Amino acid sequence: MRTQIMNDKLSLRAVALFASGVSAVATSFAMYATGGSFVVSSFNRIVLGYLPGWFVSGVLQRFGSVALEMSMLFSGVLLSVVLGAAAVGGYALGSRALPSYNRPVGVFVAAALVFFGAFVIVGSAAAVVAPAVVGGVVAAYFLRRTPGSGDVDVERRSIVRAVGGVAMFNVVAHAAGLLRRDQTQRAERELQQRASRVQSEHMLSEAAAAGLDAEGIKPLIAEIGEFYKVDINPSPPSVDADAWSLSITGLVDEELELSYEDVLGYDVVHRYKTIRCLSDGIDGDTMDTAVWTGCRVEDILEAAGTNGEYAMLNGADDYWYSLPLSDLEDAVLAYGMNGLELPQAHGYPVRLLVPDRWGKLHVKWLTDIEIISEDESGYWEEKGWHGMGPVNAVTKIDRINRPSGRIQICGHAYAGARGVEAVEVSVDGGETWNEATLSQPLPDPDTERQWVYEFEPDRDSHEVYARTIDGEGSVQPEERTEPYPNGATGWVSRTLRAE
Ligand SMILES: Nc1nc2c(c(=O)[nH]1)N[C@H]1C(S)=C(S)[C@@H](COP(=O)(O)O)O[C@H]1N2
Ligand SMILES: [Mo]
């Protein structure tokens with residue numbers, strides 16, 4: 001009899017664990033579909049990040065998107081168990097702590113533990129509150145029915161009913177998630193070629209693994225939605241990919257008019273690339289990095305055969321720039337961003353990416369490329385801006401942490417295609433310099449790197465500077481200038497007080 005009750009308690013715990021874990025995950029799915037804030041997406045990325053790169057790419061190449069789906073399923077089950085354990089453990093702890101309020105305190109502690117677990121994974125408190133509450137409530141619902149010495153069969157029946165209720169909830173939440181995914185398809189449609197999506201997903205996990213682990217540090221790859229936007233109009237033009245075409249005209253052997261399908265048909269390339277606006281100040285935040293998918297501009301220009309020195313690039317919003325063809329040698333026409341279809345705000349259906357150049361040249365909603373013989377400047381040049389050459393090096397400070405009396409400075413740095421070789425930090429007003437710890441370099445140098453520098457304060461106030469050494473060994477210039485008209489220069493600085 002005693003062991004019977006024990007077994008019942010154990011299996012009840014197991015049911016509670018699974019039901020609460022699965023319900024928390026389902027709630028997250030209902031809210032975010034397969035977007036970046038879905039706990040399983042984040043968790044899967046972390047899991048993939050821990051596996052060696054050669055292994056992940058090997059498996060992905062062999063098994064393609066099936067491998068990705070399997071890893072999502074595996075991560076989903078594993079995460080349900082982890083969050084369920086947090087809920088059940090939390091309820092047990094909480095309900096014992098204050099016996100007279102055992103239920104509310106139990107639910108609270110259960111939800112708090114699930115919240116904590118999910119927050120560590122997703123990194124957004126707002127995104128995990130509801131899943132945590134659902135997980136806590138479901139765990140409490142089962143556990144308050146612990147069969148005692150009474151009529152076990154009656155309890156069993158109500159447990160079966162509760163399992164049914166949870167199953168219904170999960171079916172509804174799942175349907176809501178699928179519906180939401182369909183609704184947001186325009187903004188979040190997965191890349192048409194599944195293989196492309198798999199490759200970008202792999203690059204996202206590679207970047208997650210390359211990143212530094214410091215509290216509140218800006219991630220190496222910006223989530224879509226967090227990536228900065230600069231648009232000459234209050235809202236982006238909405239271009240229908242099916243009606244859209246890209247024309248290649250001017251001094252060419254053969255004029256081309258490419259459909260969206262034609263563009264997708266060219267050899268696919270993937271790039272890590274940072275974009276920084278010319279108007280970005282030293283302390284500004286108009287600089288971000290993404291994984292881009294597209295084709296090489298050169299492949300298209302080769303098909304047309306060019307007889308001029310420059311290209312005039314036009315966007316659907318009457319935005320335009322002319323560029324020397326030599327700048328387009330390694331340029332990309334991007335139609336994918338972080339494994340998803342290029343979002344409308346970032347240039348759907350197709351935008352340009354120009355290595356080592358300021359953001360303004362990365363024409364969005366591209367509609368035509370005209371080959372011309374002379375330079376004709378561009379949209380922002382008409383307004384007095386310059387900066388057609390390489391981007392300036394920049395070092396940013398994002399965040400100050402104070403772990404037990406020490407000061408930890410977190411930031412990121414970018415130096416165009418030269419790459420960031422080192423970041424140096426001075427905490428004595430520029431007299432002495434020390435090297436910061438850098439994130440692993442991504443395979444494409446035209447990307448930012450994170451940095452962290454920690455020190456023990458030894459006076460009331462420290463005057464801190466940070467500067468970048470680029471891949472060619474050049475030290476970032478000290479002189480502070482405003483972004484207008486050539487792009488900001490100078491060392492970032494902070495005055496930090498010991499606390
Ligand atoms: N067609 C078009 N392309 C454009 C712009 C624009 O307003 N229209 N803004 C440019 C500027 S100034 C920058 S910094 C980048 C910003 O790209 P993002 O909005 O994807 O971050 O796009 C560039 N390409
Ligand atoms: Mo810009």
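The values are calculated or read from the model by the stated rules, or taken from the named source; none is laboratory data. The structure presented is a predicted model; accordingly, all values stated were derived computationally and were not measured. Every residue, glycine as well, gets a Cβ built from its backbone with ideal geometry; the counts of neighbours run over all protein chains shown. Accessible surface areas use protein heavy atoms only, side chains included; no ligands, DNA or RNA. Shrake-Rupley method; radii C 1.70, N 1.55, O 1.52, S 1.80 Å.
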Given labels modelled 7 Å from the Cα in the Cβ direction, how far is it in nm from Ile46 to Ala14? 2.6 nm
Please work out how many pairs of lysine residues in the chain are eight or more positions apart (or on different chains) and have Cα atoms closer than 29 angstrom. 19
Gain in span if fully extended, Ser247 to Arg402, counting 0.36 nm per residue against the direct Cα distance: 50.3 nm
Accessible surface of His174 - all protein chains present, 1.4 Å probe, nearest 10 Å²: 100 Å²
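Filter the DSSP H helices in the chain by two things, a Kyte-Doolittle mean of at least 0.0 and an axial alpha-carbon span of 18 angstrom or more, and list the hits by number. Spell out each step's value before the answer.
Numbers: long enough: 2-32 (45 Å, 0.61); 53-97 (51 Å, 1.17); 102-122 (29 Å, 1.98); 125-143 (27 Å, 2.14); 152-183 (46 Å, 0.31); 194-210 (24 Å, -0.36).
Helices meeting the criterion: 2-32, 53-97, 102-122, 125-143, 152-183.
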Among Pro355, Asn338, Ala311, the residue whose Cα sits farthest towards the positive end of the charge dipole of region 292-368 (+1 at Cβ of Lys and Arg, -1 at Cβ of Asp and Glu, taken about the Cα centre) is Asn338
Extended-chain gain in nm, criterion 0.36 nm per residue less alpha-carbon gap, Ser461 and Glu302: 51.3 nm
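For Glu215 and Ser158, FRET efficiency with R0 = 51 Å and r from the beta-carbon atoms, rounded to 0.05?
0.70
Determine the shape class of the chain: with a ≥ b ≥ c the square roots of the Cα gyration tensor eigenvalues, call it rounded for a/c under 1.5, and otherwise prolate if a/b is greater than b/c, oblate otherwise. The partial results should precede the final answer.
Values: a/c = 2.82, a/b = 1.57, b/c = 1.79.
Oblate shape, in that a/c is at least 1.5 and b/c is the bigger or equal ratio.
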Under the 7 Å Cα-to-Cβ spin-label approximation, Val66 and Phe116 lie apart by a distance in nanometres of 4.1 nm
Modelled label reach - Arg497, point 7 Å along Cα→Cβ, region 448-465 residues with backbone N closer than 16 Å: 457-464
Quick check: at a probe of 1.4 Å, how many percent of the accessible area of the chain sits on carbon and sulfur atoms? 54 percent
Fully extended, how many nm does the chain gain between Glu376 and Val77 (0.36 nm per residue separation, minus their Cα-Cα distance)? 101.9 nm
Listed residues Asp267, Asp8 arranged by accessible area, highest first, probe 1.4 Å: Asp267, Asp8
Glu479 versus Ala130: modelled label distance in nm, points set 7 Å from Cα along the beta carbon direction: 5.4 nm
Rank these residues by their accessible area, most exposed first, probe 1.4 Å: Phe115, Phe18, Phe43, Phe142. Phe18, Phe115, Phe43, Phe142
For region 394-497, what's the relative contact order in percent, using C-alpha pairs closer than 8 Å and at least 6 residues apart? 29 percent
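Arrange the residues Trp292, Trp491 by how much accessible surface each exposes, largest first, with a 1.4 angstrom probe.
Details: Trp292 0, Trp491 30 Å².
Sorted descending by solvent-accessible area, the residues read Trp491, Trp292.
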Heavy-atom accessible area of Ile217 with all protein chains present, probe 1.4 Å, nearest 10 Å²? 30 Å²
Roll a 1.4 Å probe over the protein heavy atoms and report the accessible area of Arg406 in Å², nearest 10. 80 Å²
